[in-house]
């Protein structure tokens, strides 16, 4: 994986200076916003497994029992957005650098039931759980751009991102309170498909579908006042964006 990322960096460094060698090039800057379903993946952690009997994270923590008022804890739903700088060389070769911000805005909280004393007969307690994740990343991709007719371009590119994330969880019941906070870096793989429709020769509307794959190493909880937790921050998932770009320079 490290060799693959090094190769992509070298390709990027080789492609971006092409205008200096006399290549035709078009440069653009743009902005966009969109959605990311399930940011953070399954949001599993050691405390969820050891104390709250959920071996597959947020997907398995939901339980119900007569006499307890529970509510479904759905996977978080995220919004994302950013700015991009991209270039097209020789009409067919594509390079892109962007800066993104993503955060969960819906879901990730609710009430469930757990066994508060696993060593004795079943002792159910109501548990309030909450999850939140925020991420920043800088993707660098290179690929091909294919023009269709006069007004449409479709590009496919791949590369990697420099990604940083913050993930927090919280579990509260009558007998237990656990809060976790995790921060870390990683370099996920990035695949991107983008389409552009040109309103004028220099202004375009765009839509894109990108896929990230990668997560941090196992991180230690930074909160010291309760049970020490361990978790990964997962950047894997799809992002759908819509935006606009301005081609400000051509040679």
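The values are calculated or read from the model by the stated rules, or taken from the named source; none is laboratory data. This structure is a prediction, so every number in the text was calculated from the model and none was measured. Reconstructed Cβ throughout: ideal geometry from the backbone, glycine too, with neighbour counts over all protein chains shown.
Whether a residue is surrounded by fewer than 18 Cβ atoms within 10 Å (Cβ to Cβ) and either over 21 Å from residue 165 (Cα atoms) or touching a helix residue (DSSP H, G or I) at 6+ places or on another chain (Cβ under 7 Å) (or both) was assessed, and residue 64 passes this test. On inspection, residue 180 fails the criterion of being surrounded by 17 or more Cβ atoms within 10 Å (Cβ to Cβ), part of a strand (DSSP E or B) and at pLDDT 95 or above. The number of residues in region 29-56 being in contact with a strand residue (DSSP E or B) (Cβ under 9 Å, 6 or more places away or on another chain) and without any contact (Cβ under 8 Å) to a residue 24 or more places away in the chain comes to 1.
Set side by side, the residues 113, 105, 83, 79 differ, and just one is under 22 Å from residue 246 (Cβ atoms) and in contact (Cβ under 8 Å) with a residue 12 or more places away in the chain, which is 83. Of the listed requirements (1) farther than 20 Å from residue 249 by Cα; (2) in contact with a strand residue (DSSP E or B) (Cβ under 7 Å, 6 or more places away or on another chain); (3) modelled with pLDDT under 90, residue 91 misses just one: (1).
Screening residue 204 against (1) farther than 16 Å from residue 247 by Cβ; (2) touching a strand residue (DSSP E or B) at 6+ places or on another chain (Cβ under 6 Å) leaves a single unmet condition, (1). Cβ-Cβ distances below 9 Å connect the following pairs, each with a first residue in region 234-251 that is at positive phi and in contact (Cβ under 8 Å) with a residue 60 or more places away in the chain, a second residue that is assigned to a strand (DSSP E or B) and crowded, with 20+ Cβ neighbours inside 10 Å, and a separation of six or more residues or different chains: 237/36; 237/78; 237/212. Taken together, 73, 88 contain a single residue that is part of a loop (DSSP other than H, G, I, E, B), in contact (Cβ under 8 Å) with a residue 40 or more places away in the chain, surrounded by 14 or more Cβ atoms within 10 Å (Cβ to Cβ) and on the phi < 0 side of the Ramachandran plot, which is 73. Tell me whether region 147-168 contains one or more residues that are assigned to a strand (DSSP E or B) and under 30 Å from residue 64 (Cβ atoms). Yes, there is a match, as at least one residue in region 147-168 is assigned to a strand (DSSP E or B) and under 30 Å from residue 64 (Cβ atoms).
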